[in-house]
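Quick note: the coordinates plus some simple rules give every number you see, no bench work behind them. Please read all numbers here as calculations on a predicted model, not as lab measurements. Don't worry about glycine lacking a Cβ; one is built from the backbone with ideal geometry, like all the others, and counts go over all protein chains shown.
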Amino acid sequence: MRRTTAIVLGALSFAVQSTGCVNAQETTSSPPIKIGMFAPLTGSAAFAAKVAYGASSVYKDINDHGGINGRKLELVLEDDACDPNKGIAAVKKLTAQDRVFLIHGGWCSNVVLAIKPEIERDNTLPYVVLGAASASISTPVTANIFQPVATTQAVANTMVDFALSRPDVKKVAIISHSDEWGKSHLQPAIDALKAHGLTPVETVYFERGSTDATSQTLKLRAAKPDAVLAVLYPAELAIYLRDAYKYGVRVPTIGTQGASIEDTERRIGIPDAVRDLYIFYPLSQTISSDQFKPWAEIFKKYYPAEPIDTITFIGVGGALAIADVIKRLGPDVTRERFLSEMNKLTNFDSGVQASTMSFSPLDHAGIKSGNMIHLVDGVPTIVSKLSTPKP
Amino acid sequence: MSKTADSSATGNYRVNHLARGRTLRGLGLATCLALLLGLPLLVNEYQQFVVNTMVIYALIAVGFNVVLGYLGQLAFANAAFFGVGAYATGLTMVHLALPLPLALLAAGAAGTVAGIAVALPALRVQGHYLAIFTLAFGELMRWVYVHADAVTFGPSGFNVPRPAALGLLGSPERGKYYLFLAVAIIAIGATVRLLRSRFGRAFVAVRNNERAAASLGVSVARAKIIAFGWSGFLVGVAGGLYALLNGRVTPDSFGLAQLLLNFAIVMIGGLGSVLGSILGAILLTGAPELLRNFAGIEEIVFSLLLIGVLFFMPKGIGGLIAARIPALREPLHRE
Amino acid sequence: MLAQLAISGIVVGSVYALVALGMTILFRATSIVNFGHGEFFMLGAFAIYVLKQGFGWSYPVAIAIAFGLLFLVGVLVERVLIRPLGSAPFLSFAMMTVAFSFLFKGLTRFFYGRDVSMLPPLLNGEPLDFGSVVLFPQDFLVIAGAGATMTIFFLFFEYTQVGKIVQAASQAPRGAALVGINVPAFHSAMWGVAALTGAVAALLIAPSTLVYPDMGGQMLVHAFAAMTLGGFGSLGGAVLGGLSLGIIENLMGGYVSSSLVEISAYLVIMLVLLVRPQGVFGEWRTSRV
């Protein structure tokens, strides 16, 4: 049986290598540029598959408009199931077997941090993060790893600055998940508060899958905060807000990205419970705005069955930046030139993201801030400052 | 008991038969070994990585089978043993800078301790009580990884140092392969010997009827502690190898999804079959890679396979082989 | 704060109690421990979600049909997956429930895993203030719904003729068969009822959480903890265990540490099984394996 496996594997590798040869010979005239992508298409984070679909729509749209400098893009999309082992396998397949030019992928920080040593080892391979936000992906800098999305550091800084934009806010409390996502926001938030000379008056954990936040909310209430930072996923954010309203914690709540503010309101069913809710928002405009309509049409064209959501657009900025850099390379597309052009990207405006993107050899965290979104008269609106308390 | 009577009746035939079986098996093993040693020449780095994963899962499956198939205890702590081993290797390498062999031994030791820790309640409760207890134990371990930040680096996990020695053979994956293979062959070989010894017979006696076993002088407590301890050792070592394979250890790798995979491998491979466990591991870790383009149906395929096995071949692949190829029949196979 | 923690604990705990009760009924009737029970809860939530949000039906219609569907699912599980196993060992039944739990999870993930699915609240309304305790109208609904369902079960088992037959059939299946009770049909019905209680629990909880494929896992562990605490196989124990677990979680979170809420259920299971396996409220029942 081991013999059979060996034979099967041998045959498999031979078949793969030979098809590889055929591809190379066929396409010498204008070979496509292979872009490898990996994301959680299955598993508990499968909701983030649309991040990959959003970014691949950009590449498909480019192909339908003739490609870049006459060369088509060829996309290879792999599943990582948000599991480090599967993610490493996906990256090894993309590099050793599909021999992609660059990789644009990764939503789960766990997976990206697991493949990081792999990417560092092959230091010519350009790797651009698709959506993973952990700040330790791009800090300290690795020559071939670029992070064109708001890092947890950027999100936490934006949240803290926003909370403190009203001078009477002095006491800040935090409610957070204790998983990787939660803690990777929590620590930067505590650090950002420290930079303002503050420490959180209370920090409580609220676990994913919980159905009641009574004990956490009562602890927060006892600390009498002026504002609460909520590092929670959409479901738990709604549960917390409902309980905060119930127990009279009526202070501004500043949430991380991810939750849709309208859905949150609908789920709670009490408009007053979200009156003081502000959520980090990575995009330049709301997705129902005119500016986003053309994008929505492109996604619908390639992925008609997929729902469109804020996170659909998370990877779009990175895809546009990659396309822009490849375009600048002209006919001579090499990995070395790609990396050096990426390092020169300055104030790149994708039109999609909340801020412009800049890389330098010393800084590969391309996005430093985001917007905050708030319901104004029932309409999600981008706001710049915490509003003064209503009577 | 019926077995002894049976073998004395057909003693001569058995002896010849066994001798021939042994020669055949020896030849087969030698061929397999040669092929396994030459395998890295045939595969690229990605395929090598997948094969390395298979070797680890073969070890896990054999370890899990000791408790599930031979001792007959429904324990769901396997993913916990796996995690404990991975953390032991990774953390001793990071915090104490232990060299690799010692770090792997640490994984085995940690796995053994966890195994014995689970065996103690197993002396008191059985059946679904044990299943529920072990389920809780596994989740508790995961909570510890997440919340003991100072030691375990919390929910995001940590990178495991890459021993330079593994890169000597060209690619690190190839170096890992020979290490994993050596460890797996030694550990599985030792397990086969253990199962054939009086300890193995005691495990099976406990599985068949605990009270009868006790009345025949088998120490049920000792059998359980040894089986759980050894299972924990094997799976712990596999965890250590897994830490090395991925170069990163994260708490989420040792949850319910891991448990399902382990479980499906053992069931599909066959309860009480070492060979079946190995084949099950190869099948279930290889299939998802071959089916990469059909992402999203892994849970469905695994659960349907499990249901199919329960209905149509309760002895799994191991049972199928035992029925078709007598030379590969395992002595303590579940009858 | 103590009063609020206790009362809120009872609200959550009554749902744990309901799920634990469903598992206990099944266990008493068939001596099967259903590791897929969490998925009945999850399927119940998805059934209501699909009928309500997908088909746009009103809550009462969606709920009624979802309950019917879940009863059918339970019956089908028994008929298609459990009964053919015949007199297989305990291990096989446990495996089968594990297998179908992942099958259901995989199927819902395949069809709905990429959506964020949510249900509108059953009852809107401002919180009601009772001095030291504040409650939402929804909280009353949860307690009332769970309480009513549990009461119906108790009345059924204790006071009706059918209920007594059911008890007889679960205690002595062979004897029940001899006096003319259709034991297989009875087992099917009990699976249906178990799945139905999952749906009732889902109705009470899902509108305040999201509906997602992994939602059953937590509930299963809580139900196990409740059953273990109350004594495995005891109907009253399951209810008391569920309520106590809700209160324990809240007290842990309120007075010890919020990071312990998550593992309260696990600690309860391990402590009880190590110290007093018959449960805090229960008498020792050996499992019929």
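List of remarks:
- The orientation-averaged projected area of the convex hull spanned by the Cα atoms of chain A comes to 21.4 nm².
- Stokes-Einstein diffusion coefficient of region C:192-243, Kirkwood radius over Cα pairs, 10 °C, 1.306 mPa s, in µm²/s: 135 µm²/s
- Distance (nanometres) between label positions extended 7 Å along Cα→Cβ at residue C:164 and residue B:216: 4.7 nm
- Taking a sphere under 14 Å around the Cβ of residue A:192 and counting the other residues whose Cβ falls inside, with K and R at +1 and D and E at -1, yields a net charge of 0.
- Placing +1 on the Cβ of every Lys and Arg and -1 on the Cβ of every Asp and Glu, with no other charges, gives chain C a dipole of roughly 920 debye about its Cα centre.
- Antiparallel DSSP beta bridges within chain A, as percent of all bridges there, nearest 5: 30 percent
- Signed unit charges on C-beta, dipole axis of region B:46-255, positive-most listed residue B:171, B:184, B:208: B:208
- Around residue C:96: net Lys/Arg minus Asp/Glu count, Cβ-Cβ under 12 Å: 0
- Exceeding the 26 Å Cα-Cα cut-off - candidates A:171/A:385; A:34/A:327; A:72/A:344; A:183/A:219; A:72/A:301; A:293/A:344: A:293/A:344
- Highest average packing first - A:108-118, C:37-47, A:179-189, Cβ atoms within 10 Å: C:37-47, A:108-118, A:179-189
- Paired Rg and Dmax values of region A:109-236, which use every Cα atom, in angstrom: 16.8, 54
- Environment charge of residue A:142, counting only residues whose C-beta is closer than 10 Å and scoring Lys/Arg +1, Asp/Glu -1: 0
- Look at the stretch B:119-131: the mean tally of other chain Cβ atoms within 10 Å of its residues' Cβ atoms is 5.
- Karplus-derived 3J(HN,Hα), 6.51/-1.76/1.60, for each residue of region A:168-173, Hz, glycine and proline x: 7, 7, 10, 10, 10, 10
- For region B:239-335, radius of gyration divided by Kirkwood radius, i.e. Rg to Rh on alpha-carbons: 1.02
- For region A:83-118 versus region B:203-238, the gap between their alpha-carbon centres in whole angstrom: 42 Å
- Part-to-part distance (alpha-carbon centres) for region A:245-268 and region B:81-157, which is given in Å: 38 Å
- Whether region A:166-310 is rounded, prolate or oblate, judged on the alpha carbon gyration tensor where a/c under 1.5 counts as rounded: prolate
- For the segment A:88-98, counting C-beta atoms of other chains within 10 Å of every residue's C-beta and taking the mean gives 5.
- 3J(HN,Hα) along region B:216-229, derived from phi through the Karplus expression 6.51 cos²θ - 1.76 cosθ + 1.60 where θ = phi - 60°, amounts to 8, x, 7, 7, 4, 4, 5, 4, 5, 5, 5, 5, 5, x Hz, with x in place of Gly and Pro.
- The relative contact order of chain B comes to 31 percent, based on Cα pairs under 8 Å that sit 6 or more residues apart.
- q = 0.15 Å⁻¹: log10 I(q)/I(0) that the Debye formula gives for region B:132-291, counting C-alpha atoms only: -1.05
- Remark: region A:150-191 projects, on average over all directions, an area of 2.9 nm² (convex hull of Cα atoms).
- Antiparallel content of DSSP bridges confined to the protein assembly as shown, in %, to 5: 40 percent
- For the pair region A:305-342 / region C:71-137, the C-alpha centres are spaced 42 Å from each other.
- Here chain A is treated with +1 on each Lys and Arg Cβ and -1 on each Asp and Glu Cβ, and its dipole about the Cα centre works out to around 320 debye.
- Rounded, prolate or oblate (a/c below 1.5 giving rounded, otherwise prolate when a/b exceeds b/c) for region B:108-152 by Cα gyration tensor: oblate
- Over chain B, equivalent-ellipsoid semi-axes from the Cα gyration tensor in Å: 32, 25, 19
- Value of [θ]222 nm, deg cm²/dmol, for the protein assembly as shown, DSSP H segments ≥ 4, -39500 (n - 2.57) each, nearest 500: -19500 deg cm²/dmol
- Number of partner chain Cβ atoms within 10 Å, mean per residue of B:133-140: 6
- For the protein assembly as shown: rounded, prolate or oblate by the Cα gyration tensor [a/c cutoff 1.5]: oblate
- Nearest-0.05 FRET efficiency for residue C:80 and residue C:156, computed from C-beta distance (R0 25 Å): 0.40
- In terms of overall dimensions, chain C has a Cα radius of gyration and Dmax of 18.8, 59 angstrom.
- Sorting the segments B:105-111, A:259-265 by their mean number of nearby beta carbons within 10 angstrom, highest to lowest, gives B:105-111, A:259-265.
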